[in-house]
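Here's the structure, in structure tokens; my notes come after.
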Amino acid sequence: MNIDMIRAAADRNAGHVRRTPFLTSPFLDEIAGRQVFVKPECLQHTGSFKFRGGRSAISALVEAGNTGGVIAFSSGNHAQGVAMAARQFGLPAVIIMPSDAPRQKIENTRALGAETVLYDRATEDRDAIGDRLAAERGLTLIKPFDNPQVIAGQGTTGLEIAEQAAEAGITDADVLVCCGGGGLTAGIALALEAEAPGLRARPVEPEGFDDVARSLISGKIERNEKTSGNICDAILTPSPGELTFPIIQKLCGPGIAVPEQDCLRAMSAAFARLKVVAEPGGAVALAAALYQPQTITGDAVIVLISGGNVDPSVFSHALTTSPEG
């Protein structure tokens, strides 16, 4: 993985991926005690940053002459990103999804033309299912984070952050990234190393599922004891990736873990102050910025809202339990 791959992904995605903005609010600044710059990837196509990596990977396959179809596994955001990208290139797509994924994500994936295969994430191995179906059907497996072209696509977010931070006069700040397997975190870290070395990516995870933060402390890949039982479904992964962790270990600052209640509060704050809809997993970085300011350094912080694909009942719960964020 290197910056040249990220720049090439940006070229392939040009005109197809949205350049999401930097958003600010004096109300959020007051809560955080510093300037907060929010990059809402929930406004990206399919409602999350995952379209960047999905399109990067599929466009690279097509460029190499591979048009036999793709398979992916995802709780919903990678699923939709791959499904939309595959449809754009006219390729068949099979998506393996946990049976407890939000209904909206399953339905949206099907609506984008992909075949969905549901599994029990507590008792079944999605990697094994993906390997078997890929072999049986001759499909190319696009993993959600441990794929170089996916990481490159997610890294295009970092190129934009570097440009937008420069436009805002920010040269030194933490960049808080919602982190599951680490594809977005690793891609952003690589882009910032090349384009904005004063900005430091930091992974943010839900409490109890902070495998990346624990891995950074121990110096080796740690696994979560469980992979379900938290509202932040989009970023519940067993462990950091074999490709992503070395990058995160080399380039990122310490991880941060946030409780569920703070995720709900951040969802409410994003809606009240930015008019942005965030899903629980997509709000963990904002939660850290607002409610754990002691873990951050500097006068400004940059925050990713990584996705907004939330079931109405969960979103309503966030607004009613934390009405003002």
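For the reader, a short list of remarks on this structure follows.
- When we screen Pro254, Pro246, Pro259, Pro238 for residues that are farther than 22 Å from Gln44 by Cβ, surrounded by fewer than 21 Cβ atoms within 10 Å (Cβ to Cβ) and modelled with pLDDT under 95, the only hit is Pro238.
- Filter result for the condition that a residue is of a type in the set (D, E, K, R), more than 27 Å from Leu159 (Cβ to Cβ) and buried (at least 24 other Cβ atoms within 10 Å of the Cβ), over Arg214, Arg265: Arg265
- The number of residues in the stretch 1-33 being without any contact (Cβ under 8 Å) to a residue 24 or more places away in the chain and small (Gly, Ala, Ser) comes to 2.
- Being of a type outside the set (S, T, N, Q), within 19 Å of Val38 (Cβ to Cβ) and in contact (Cβ under 8 Å) with a residue 40 or more places away in the chain holds for only one residue in Ala257, Ala269, Ala213, and it is Ala269.
- The listed residues are Val62, Val117, and the only one of them that is at pLDDT below 95 and open to solvent by 10 Å² or more (accessible area, probe 1.4 Å) turns out to be Val117.
- Top-ranked residue of the stretch 70-114 - restricted to ones that are touching a Gly at 6+ places or on another chain (Cβ under 9 Å) and of a type in the set (D, E, K, R), ranked as surrounded by the most Cβ atoms within 10 Å (Cβ to Cβ): Lys105
- Listed here are the helices (runs of 4 or more DSSP H) enclosed by the stretch 1-117 that have at least 2 residues being more than 21 Å from the chain's Cα centre (by Cα): 26-32, 50-63, 77-89.
- Test for Asn230: is it open to solvent by less than 20 Å² (accessible area, probe 1.4 Å) and under 22 Å from His78 (Cβ atoms): no
- Within the stretch 296-321, residues that are closer than 22 Å to Gly81 by Cβ sit with their Cβ atoms under 7 Å from residues that are of a type in the set (Asp, Glu), at 6+ positions apart or across chains, in these pairs: Leu304/Glu41; Ile305/Glu41; Ser306/Glu41; Gly307/Glu41; Gly307/Glu279; Gly308/Glu279; Asn309/Glu279; Val310/Glu279.
- The set of residues in the stretch 190-208 being more than 25 Å from Ala8 (Cβ to Cβ), acidic (Asp, Glu) and outside any loop (DSSP other than H, G, I, E, B) consists of Glu205 alone.
- Options Gln164, Gln154, Gln149: the member that is out of contact with any helix residue (DSSP H, G or I) (no Cβ under 6 Å at 6 or more places or on another chain), within 24 Å of Ile248 (Cβ to Cβ) and polar (S, T, N, Q): Gln164
- A single entry from Ser25, Ser56, Ser48 fulfils the requirement of being open to solvent by less than 10 Å² (accessible area, probe 1.4 Å), farther than 20 Å from Gly183 by Cβ and of a type in the set (S, T, N, Q): Ser25.
- Conditions (1) assigned to a loop (DSSP other than H, G, I, E, B); (2) within 16 Å of Cys178 (Cα to Cα); (3) open to solvent by 10 Å² or more (accessible area, probe 1.4 Å); (4) aliphatic (A, V, I, L, M); number of the one not met by Ile221: (2)
The values are calculated or read from the model by the stated rules, or taken from the named source; none is laboratory data. Worth saying up front: this structure is predicted, and the values here are computed from it rather than measured. So basically every Cβ, Gly included, is an ideal-geometry build from the backbone, and we count neighbours across all protein chains shown. Just so you know, the surface numbers come from the protein's heavy atoms only, side chains and all, with ligands and any DNA or RNA stripped out. Shrake-Rupley method; radii C 1.70, N 1.55, O 1.52, S 1.80 Å.
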